[in-house]
1. When the residues of region 130-147 are filtered to those that are away from the ligand (no atom under 16 Å from the Cβ) and not in a loop (DSSP other than H, G, I, E, B), which remaining residue is least open to solvent (accessible area, probe 1.4 Å)?
2. Cβ-Cβ distance below 7 Å, separation of 6 or more or different chains: which pairs start in region 125-153 with a residue that is under 21 Å from Leu95 (Cα atoms) and free of Cβ contacts under 8 Å to residues at least 12 places away in the same chain and end on one that is within 16 Å of the ligand (Cβ to nearest atom) and open to solvent by 50 Å² or more (accessible area, probe 1.4 Å)?
3. Take the residues of region 232-269 that are open to solvent by 10 Å² or more (accessible area, probe 1.4 Å) and hydrophobic (A, V, I, L, M, F, W, C): which is farthest from Ile91 (Cα to Cα)?
4. Out of all the residues in region 173-182, is one or more within 13 Å of the ligand (Cβ to nearest atom) and either over 21 Å from Ala278 (Cα atoms) or over 18 Å from the mean Cα position of the chain (by Cα) (or both)?
5. State yes or no: is Ile169 in a loop (DSSP other than H, G, I, E, B), over 17 Å from the mean Cα position of the chain (by Cα) and under 30 Å from Leu195 (Cβ atoms)?
6. Just the residues that are in a helix (DSSP H, G or I) and away from the ligand (no atom under 13 Å from the Cβ), please, taken from region 82-101.
7. Of everything in region 1-55 that's among the hydroxyl-bearing types (Ser, Thr, Tyr) and under 17 Å from the mean Cα position of the chain (by Cα), which residue is most open to solvent (accessible area, probe 1.4 Å)?
8. The conditions are (1) farther than 21 Å from Ala56 by Cα; (2) part of a loop (DSSP other than H, G, I, E, B); (3) in contact with a strand residue (DSSP E or B) (Cβ under 8 Å, 6 or more places away or on another chain); (4) of a type outside the set (Phe, Trp, Tyr), and Leu110 fails exactly one of them. Which is it?
Amino acid sequence: MQTRIIDGNAIARELRAGLIRRVAALAAMGVRPGLAVLQVGNHPASKIYVRNKMKACGEVGLYSEHIELPADADEWTLLERIRTLNRDSRIHGILVQLPLPTGLSAERVLDALAPAKDVDGFHPINMGLLAAGSPRFVPCTPLGVMKLIEHEEIGVQGRHAVVVGRSNIVGKPMALLLLQKGATVTICNSRTPDLGAMTSQADILVVAAGRPRLVTAGMVKPGAVVIDVGINRLADGKLAGDVDFQSMLGTASRITPVPGGVGPMTIAMLLENTVMSAERASASGGSS
Ligand code: GUN
């Protein structure tokens with residue numbers, strides 16, 4: 001079987017072109033969408049993610065603010081910054097880069113975000129709306145995966161989707177989105193006994209376990225669609241996904257590469273959520 005490699009960079013580029021048009025329409029009404037990214041401490045991967053997010057904002061004409069707090073910042077200071085951003089009419093989206101340094105409660109911090117500016121979709125109200133089937137903001141990575149699936153015209157209804165990973169950021173919302181589209185969904189994690197017995201039932205397999213090359217070709221059904229959400233830095237400095245990409249060629253019908261698959265889609269969805277937030281705020285006659 002010929003395996004088609006899904007080009008996330010190309011699809012994200014198309015989506016960004018659409019966003020540039022929406023940003024221009026907002027500009028004609030005197031509105032510029034704004035995103036604030038709060039980063040606490042110096043987590044090496046976070047630094048790269050945040051830099052990429054800020055650069056992407058500039059490329060589609062968004063206003064952006066990068067707020068850096070030291071790793072030993074106290075929670076009160078962080079919560080005060082969030083409350084100030086909640087009131088700031090230039091800001092339509094607020095993102096707190098995770099993970100936070102130990103000692104800071106992600107739960108309390110996410111709780112402090114104005115739900116109408118929570119472009120990551122991590123506030124409990126937004127998670128609840130997604131679970132109820134009427135989402136306001138959908139977390140960027142699983143939303144990006146759904147856009148890839150849509151763009152590739154992969155049918156979801158009636159298919160068996162298996163999600164490996166149970167995080168609030170990817171695994172749980174991913175499963176909910178696939179469920180909403182009519183898939184039969186199984187949720188596993190890296191410790192599921194005989195993981196291969198589960199993954200080999202998948203028509204659509206999404207892997208977000210944070211373990212390099214956890215899933216190999218012997219664990220998938222020939223013809224399955226394989227979406228790799230993992231980005232792992234190996235000892236030799238190279239990047240690897242959670243899926244053994246090389247071994248999948250000839251087995252999967254389609255696969256996302258790492259890098260260049262899901263990653264660029266995540267950033268495009270963050271921009272999309274911020275633009276959507278600004279559109280909602282302007283339609284309701286002011287800041288959100
Ligand atoms: N850390 C890893 N992924 C994400 C994400 O999508 N959003 C935030 N805020 N932090 C992350």
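The values are calculated or read from the model by the stated rules, or taken from the named source; none is laboratory data. None of these values were measured; they are calculated from a predicted model. No Cβ is skipped: glycine too gets one built from the backbone with ideal geometry, and neighbour counts run over all protein chains shown. When the accessible area is computed, the model is the full protein with side chains, heavy atoms only, and any ligands, DNA or RNA have been set aside. Shrake-Rupley method; radii C 1.70, N 1.55, O 1.52, S 1.80 Å.
1. Within region 130-147, the first condition is being away from the ligand (no atom under 16 Å from the Cβ), and the residues that meet it are 131-134, 136.
Narrowing the set further to residues that are not in a loop (DSSP other than H, G, I, E, B) leaves 131-132.
Values: Ala131: 65, Ala132: 81 Å².
Top of the filtered list is Ala131.
2. Between residues of region 125-153 that are under 21 Å from Leu95 (Cα atoms) and free of Cβ contacts under 8 Å to residues at least 12 places away in the same chain and residues that are within 16 Å of the ligand (Cβ to nearest atom) and open to solvent by 50 Å² or more (accessible area, probe 1.4 Å), the close pairs are Leu129/Pro135.
3. Narrowing region 232-269 to residues open to solvent by 10 Å² or more (accessible area, probe 1.4 Å): 232-239, 244-247, 249-251, 253-254, 257-260, 263-264, 266-267.
Filter again for hydrophobic (A, V, I, L, M, F, W, C), leaving 234-235, 239, 245, 249, 258, 267.
On the way: Leu234: 37, Ala235: 39, Leu239: 34, Phe245: 39, Leu249: 44, Val258: 32, Ile267: 18 Å.
My answer is Leu249.
4. Filtering region 173-182 down to residues within 13 Å of the ligand (Cβ to nearest atom) leaves 173-174.
After this cut, where a residue has to be either over 21 Å from Ala278 (Cα atoms) or over 18 Å from the mean Cα position of the chain (by Cα) (or both) as well, the list is 173-174.
Among the residues of region 173-182, at least one is within 13 Å of the ligand (Cβ to nearest atom) and either over 21 Å from Ala278 (Cα atoms) or over 18 Å from the mean Cα position of the chain (by Cα) (or both), which makes the answer yes.
5. Working: in a loop (DSSP other than H, G, I, E, B): yes; over 17 Å from the mean Cα position of the chain (by Cα): no; under 30 Å from Leu195 (Cβ atoms): yes.
The answer is no for Ile169.
6. Let us first name the residues in region 82-101 that are in a helix (DSSP H, G or I), namely 82-87.
Matches in region 82-101: Arg83, Thr84, Leu85, Asn86, Arg87.
7. The initial filter retains those residues of region 1-55 that are among the hydroxyl-bearing types (Ser, Thr, Tyr), namely 3, 46, 49.
If we keep only those that are under 17 Å from the mean Cα position of the chain (by Cα) as well, we get 46, 49.
On the way: Ser46: 4, Tyr49: 93 Å².
Ranking the candidates gives Tyr49 first.
8. (2)
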